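Working notes, beginning with the structure itself.
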Ligand code: CP
């Protein structure tokens, strides 16, 4: 069990907002459907359109990118997730009862055009614990009218009539922005505006994963404030080019002031996209090390965030196979790392972490999955404008 982090503080002088990086709309075409660029033209969405910044006001806004958040927005989610985790870990049945009706009788839809285990189920579990009704669409490609040629934009509008929040995953960059733009002029019969949460858009972003990854680092390392974050040496390993989780996590850490050093460890062909690296060096808070050599940097690392080679993003599978066995975390590698080291991974894994590592207490990747429920509960509370209270104070 973790030690409780009572309140994670952002030190005012590092509450910087990073400016959005442009992310190109995908021009990939799938049989019988429009590309995201064609969808944008069809609904009149300007190039590089983004929903508004959150800046403490989550209500009525879609959440498609960590670039919408300030450092204080991250801290709000971390602190609320910590309160939720404490409540869920307590024996107080009354608290659990209260929890089950916190957002009743609202509803949430999941719309997944790409497979998922963790993101969809943890959003659905989070919603159910909060008393939301859940409408689940785990296979939009085959089991929705998308298969008959309905666009992502029209699908979003239809789902927005049914539920005020849609959690959407899609294999193409820009699909979340298309849905958010299509929803922005809608008002539901109860006066609320439907919104979308980006649960992953191709190689673009996975912002709720970044929230849970940041929270996991803070909980595992028992950090009290963002200055503690600046002491960490954080490595990211694997397919940093196609991995949307590492894109969102890097931008998020930078927004919170950054670790002491970012280590981007990958083969040169799969390196972190240059615009993301440039946005970090512009901020000037963190040193950046780009390397292919894990052994060289391993002894310095406090956290290593491992990712798999994203085989579904390669056109040439032979090329993909060349990278698959380059890195493998084994018990022998763990022996060469710091005593208070942590391994994170968004999962699923392939061969990059040996299952023998699972029993090492420093392997945090399965705990990371569980944290997703608390964090997504916090996110839903914010998006429905019902910040979760501190139950422990209620009992005093
Ligand atoms: N971490 C993550 O996005 O996992 P899923 O693809 O299973 O949702």
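If you take the residues of the stretch 222-243 that are crowded, with 20+ Cβ neighbours inside 10 Å and assigned to a helix (DSSP H, G or I), which of them is nearest to the ligand (Cβ to nearest atom)?
So the residue we want is 229.
Within the set of pairs 6 or more residues apart or between chains, which connect a residue that is under 22 Å from residue 386 (Cβ atoms) inside the stretch 116-131 to a residue that is assigned to a loop (DSSP other than H, G, I, E, B) and modelled with pLDDT under 95 with Cβ atoms less than 7 Å apart?
What qualifies is 130/102; 130/103; 131/101; 131/102; 131/103; 131/104.
Across the stretch 300-335, which residue is surrounded by the most Cβ atoms within 10 Å (Cβ to Cβ) among those that are in contact (Cβ under 8 Å) with a residue 60 or more places away in the chain and in a helix (DSSP H, G or I)?
323
Could you tell me which of the residues 143, 186, 159 is in contact with a helix residue (DSSP H, G or I) (Cβ under 8 Å, 6 or more places away or on another chain) and more than 22 Å from residue 70 (Cα to Cα)? Can you show your working first?
On the way: 143 fails: in contact with a helix residue (DSSP H, G or I) (Cβ under 8 Å, 6 or more places away or on another chain); 159 fails: in contact with a helix residue (DSSP H, G or I) (Cβ under 8 Å, 6 or more places away or on another chain).
Sole residue among the options that is in contact with a helix residue (DSSP H, G or I) (Cβ under 8 Å, 6 or more places away or on another chain) and more than 22 Å from residue 70 (Cα to Cα): 186.
Looking at the stretch 362-372, which of its residues are within 13 Å of the ligand (Cβ to nearest atom) and touching a helix residue (DSSP H, G or I) at 6+ places or on another chain (Cβ under 6 Å)? Steps first, please.
Going residue by residue through the stretch 362-372, those that are within 13 Å of the ligand (Cβ to nearest atom) are 365-366, 368-372.
Those that are within 13 Å of the ligand (Cβ to nearest atom) and touching a helix residue (DSSP H, G or I) at 6+ places or on another chain (Cβ under 6 Å): 368, 369, 371, 372.
Given the conditions (1) on the phi > 0 side of the Ramachandran plot; (2) at pLDDT 95 or above, which single one is not true for residue 385?
(2)
Quick check on my filter: what residues within the stretch 121-134 are buried (at least 22 other Cβ atoms within 10 Å of the Cβ) and within 16 Å of the ligand (Cβ to nearest atom)?
Taking the stretch 121-134 and keeping what is buried (at least 22 other Cβ atoms within 10 Å of the Cβ), we get 122-123, 126-127, 130, 132.
Correct list: 122, 123, 126, 127.
Check 297, 246 and return the single one that is assigned to a helix (DSSP H, G or I), within 23 Å of residue 367 (Cβ to Cβ) and out of contact with any helix residue (DSSP H, G or I) (no Cβ under 7 Å at 6 or more places or on another chain). Step through it out loud before you land on a result.
Numbers: 297 fails: within 23 Å of residue 367 (Cβ to Cβ).
Being assigned to a helix (DSSP H, G or I), within 23 Å of residue 367 (Cβ to Cβ) and out of contact with any helix residue (DSSP H, G or I) (no Cβ under 7 Å at 6 or more places or on another chain) holds for just one of 297, 246, which is 246.
For the stretch 158-171, enumerate the residues that are within 16 Å of the ligand (Cβ to nearest atom) and in a loop (DSSP other than H, G, I, E, B).
171
Any idea how many residues of the stretch 135-146 are away from the ligand (no atom under 16 Å from the Cβ) and either surrounded by 15 or more Cβ atoms within 10 Å (Cβ to Cβ) or touching a residue at least 60 places away in the same chain (Cβ under 8 Å) (or both)?
The initial filter retains those residues of the stretch 135-146 that are away from the ligand (no atom under 16 Å from the Cβ), namely 135, 142-146.
Of the ones still in play, those that are also either surrounded by 15 or more Cβ atoms within 10 Å (Cβ to Cβ) or touching a residue at least 60 places away in the same chain (Cβ under 8 Å) (or both) are 135, 144, 146.
The qualifying residues number 3.
Surrounded by 23 or more Cβ atoms within 10 Å (Cβ to Cβ), in contact (Cβ under 8 Å) with a residue 24 or more places away in the chain, away from the ligand (no atom under 16 Å from the Cβ) and assigned to a loop (DSSP other than H, G, I, E, B) - does that describe any residue in the stretch 177-197?
There is at least one residue in the stretch 177-197 that is surrounded by 23 or more Cβ atoms within 10 Å (Cβ to Cβ), in contact (Cβ under 8 Å) with a residue 24 or more places away in the chain, away from the ligand (no atom under 16 Å from the Cβ) and assigned to a loop (DSSP other than H, G, I, E, B).
Since residue 320 meets every condition but one in (1) touching a helix residue (DSSP H, G or I) at 6+ places or on another chain (Cβ under 6 Å); (2) within 16 Å of the ligand (Cβ to nearest atom), which condition does it not meet?
Here residue 320 clears every test but (2).
Can you tell me which residues in the stretch 138-161 are closer than 19 Å to residue 36 by Cβ and touching a strand residue (DSSP E or B) at 6+ places or on another chain (Cβ under 8 Å)?
Within the stretch 138-161, 140, 144, 152, 155, 156, 159, 160 meet the criteria.
Return yes or no: is residue 359 over 22 Å from the mean Cα position of the chain (by Cα), assigned to a loop (DSSP other than H, G, I, E, B), away from the ligand (no atom under 16 Å from the Cβ) and buried (at least 16 other Cβ atoms within 10 Å of the Cβ)?
Details: over 22 Å from the mean Cα position of the chain (by Cα): yes; assigned to a loop (DSSP other than H, G, I, E, B): yes; away from the ligand (no atom under 16 Å from the Cβ): yes; buried (at least 16 other Cβ atoms within 10 Å of the Cβ): no.
When the stated conditions are applied, residue 359 does not pass them.
State yes or no: is residue 110 within 16 Å of the ligand (Cβ to nearest atom) and in a strand (DSSP E or B)? I'd like the intermediate steps shown before the answer.
On the way: within 16 Å of the ligand (Cβ to nearest atom): yes; in a strand (DSSP E or B): yes.
Criteria met by residue 110.
Which of (1) within 24 Å of residue 118 (Cβ to Cβ); (2) outside any helix (DSSP H, G or I) is the odd one out, the single condition residue 155 does not satisfy?
Failing condition for residue 155: (2).
The values are calculated or read from the model by the stated rules, or taken from the named source; none is laboratory data. As the structure is a computational prediction, the values presented were derived from the model and not from experiment. Cβ: placed from backbone, ideal geometry, glycine included. Neighbour counts: every protein chain shown.
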